[in-house]
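S.K.: Mind having a look at this structure? Questions to follow.
The values are calculated or read from the model by the stated rules, or taken from the named source; none is laboratory data. Keep in mind that what you see is a predicted model, and the values were worked out from it rather than measured. Cβ placement follows ideal geometry from the backbone for every residue including glycine, while neighbour counts extend to all protein chains displayed.
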Amino acid sequence: MTGITAASNKAKIARRVIEVLDFFDDHHREATVMDIVRRYGRPQSSTSELLSSLVELGLLAKEPWTRTYSLTPRAALLGTSGQNDAVRDGRFIRLIDRLAAQTGLGVGLFAIAGLNAQLISWRSPSPSERGPFSGALEPLCHSATGWLLLSTIERERSKTMVRRLNAEAEDDAKFSCSEMTARIDTCRQDGHVFGPAGFGTACEALSALVPVEIADQPLAIAIQYSAADKVNEASLLQSVNYAMHHCLTAPEPAQLAEFSSAA
């Protein structure tokens with residue numbers, strides 16, 4: 001029993017470390033202990049200890065006068081050396097930044113985490129607007145982005161996942177497995193989908209898969225919009241395809257040589 005408790009405590013600590021790192025975004029470049037406490041409902045004393053430990057590890061920096069914390073370059077680069085070129089050179093970030101600026105809409109990068117769609121990074125068109133928090137999870141069946149991510153999984157396995165998602169859903173969230181499978185098949189054929197944005201909003205979204213040769217795991221870009229935005233769906237899809245081509249395509253060798261000569 002003692003071993004189980006210790007393992008559970010370690011899992012909680014790991015989760016809280018990730019929560020702290022996920023807190024920081026375009027809207028929150030700095031944070032106090034109480035900011036973290038209020039966001040995640042954690043005890044103040046243990047949160048303060050955790051932040052101090054992250055400072056010692058070089059993942060956070062503390063401003064002594066304001067007692068605020070911010071991410072260090074080490075935190076930003078942690079794990080990038082083991083990623084593919086598109087992650088290491090910031091192509092995904094450039095893509096969502098470009099689409100947010102170009103469309104004036106919220107843009108997110110999503111991945112699969114178990115039976116959930118998980119938000120990796122979000123860009124709002126203006127600092128006054130914010131979307132879901134980084135790291136947010138939602139069952140794959142709840143959003144068009146989730147359907148699209150399910151379409152990247154071998155069909156029989158995705159059907160098994162759909163049945164499990166339905167079995168675990170609340171009574172008022174049950175769905176037809178055959179209809180969900182049909183939606184996923186359409187996504188598998190098209191590589192994009194228009195549908196519910198999910199993640200606590202009534203908005204719609206265009207979700208498009210990142211080309212498989214670019215990403216090491218299934219990733220999707222989602223652009224969120226409301227009826228008031230009066231989106232032209234064909235034009236929005238064209239903008240996404242154009243941005244993906246220009247932001248995710250690696251520079252040609254000739255371009256790299258030209259850059260080296262200029263330097």
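S.K.: Out of everything in region 38-47 that is more than 12 Å from Val17 (Cα to Cα) and loosely packed, with under 15 Cβ neighbours inside 10 Å, what residue ends up being farthest from the chain's Cα centre (by Cα)?
M.R.: It comes out as Ser45.
S.K.: Moving on. Are any residues in region 174-211 among the charged types (D, E, K, R) and closer than 21 Å to Gly106 by Cβ, and if so, which ones?
M.R.: Glu204
S.K.: Given the condition surrounded by fewer than 16 Cβ atoms within 10 Å (Cβ to Cβ), charged (D, E, K, R), more than 23 Å from Pro211 (Cα to Cα) and in the same structural domain as Arg183 (by TED's automatic domain parsing), answer yes or no: does some residue in region 113-129 qualify?
M.R.: Yes, region 113-129 has at least one match.
S.K.: Take the conditions surrounded by 13 or more Cβ atoms within 10 Å (Cβ to Cβ), touching a residue at least 40 places away in the same chain (Cβ under 8 Å), not assigned by TED's automatic domain parsing to the domain that holds Ser158 and not aliphatic (A, V, I, L, M) and apply them to Asp35. Does it pass? Break it down stepwise before answering.
M.R.: On the way: surrounded by 13 or more Cβ atoms within 10 Å (Cβ to Cβ): yes; touching a residue at least 40 places away in the same chain (Cβ under 8 Å): no; not assigned by TED's automatic domain parsing to the domain that holds Ser158: yes; not aliphatic (A, V, I, L, M): yes.
Considered against the rule, which asks whether it is surrounded by 13 or more Cβ atoms within 10 Å (Cβ to Cβ), touching a residue at least 40 places away in the same chain (Cβ under 8 Å), not assigned by TED's automatic domain parsing to the domain that holds Ser158 and not aliphatic (A, V, I, L, M), Asp35 comes out as no.
S.K.: Out of all the residues in region 216-239, which are of a type in the set (A, V, I, L, M), surrounded by 11 or more Cβ atoms within 10 Å (Cβ to Cβ) and more than 15 Å from Leu148 (Cα to Cα)? Please lay out each step first, then the result.
M.R.: Our first condition is that a residue be of a type in the set (A, V, I, L, M); within region 216-239, this holds for 219-223, 227-228, 231, 234, 236-237.
Next cut, surrounded by 11 or more Cβ atoms within 10 Å (Cβ to Cβ) only: 219-223, 231, 236-237.
Result: Val231, Leu236.
S.K.: Just a yes or no: is a residue in region 161-180 in the same structural domain as Gly108 (by TED's automatic domain parsing), in contact with a helix residue (DSSP H, G or I) (Cβ under 7 Å, 6 or more places away or on another chain) and within 13 Å of Ala144 (Cβ to Cβ)?
M.R.: Yes; the residues of region 161-180 include at least one that is in the same structural domain as Gly108 (by TED's automatic domain parsing), in contact with a helix residue (DSSP H, G or I) (Cβ under 7 Å, 6 or more places away or on another chain) and within 13 Å of Ala144 (Cβ to Cβ).
S.K.: Something else now. Name the single residue, out of those in region 5-43 being of a type in the set (S, T, N, Q) and farther than 28 Å from Trp65 by Cβ, that is modelled with the highest pLDDT.
M.R.: Asn9
S.K.: Still on this model: Does Ser143 satisfy the condition of being closer than 26 Å to His245 by Cβ and touching a Cys at 6+ places or on another chain (Cβ under 6 Å)?
M.R.: Spelling it out, it is not the case that Ser143 is closer than 26 Å to His245 by Cβ and touching a Cys at 6+ places or on another chain (Cβ under 6 Å).
S.K.: So, one more: Specify which of the listed residues (Leu109, Leu71) is surrounded by 16 or more Cβ atoms within 10 Å (Cβ to Cβ), under 30 Å from Leu57 (Cα atoms) and not assigned by TED's automatic domain parsing to the domain that holds Asn232.
M.R.: Going through Leu109, Leu71 in turn, just one is surrounded by 16 or more Cβ atoms within 10 Å (Cβ to Cβ), under 30 Å from Leu57 (Cα atoms) and not assigned by TED's automatic domain parsing to the domain that holds Asn232: Leu71.
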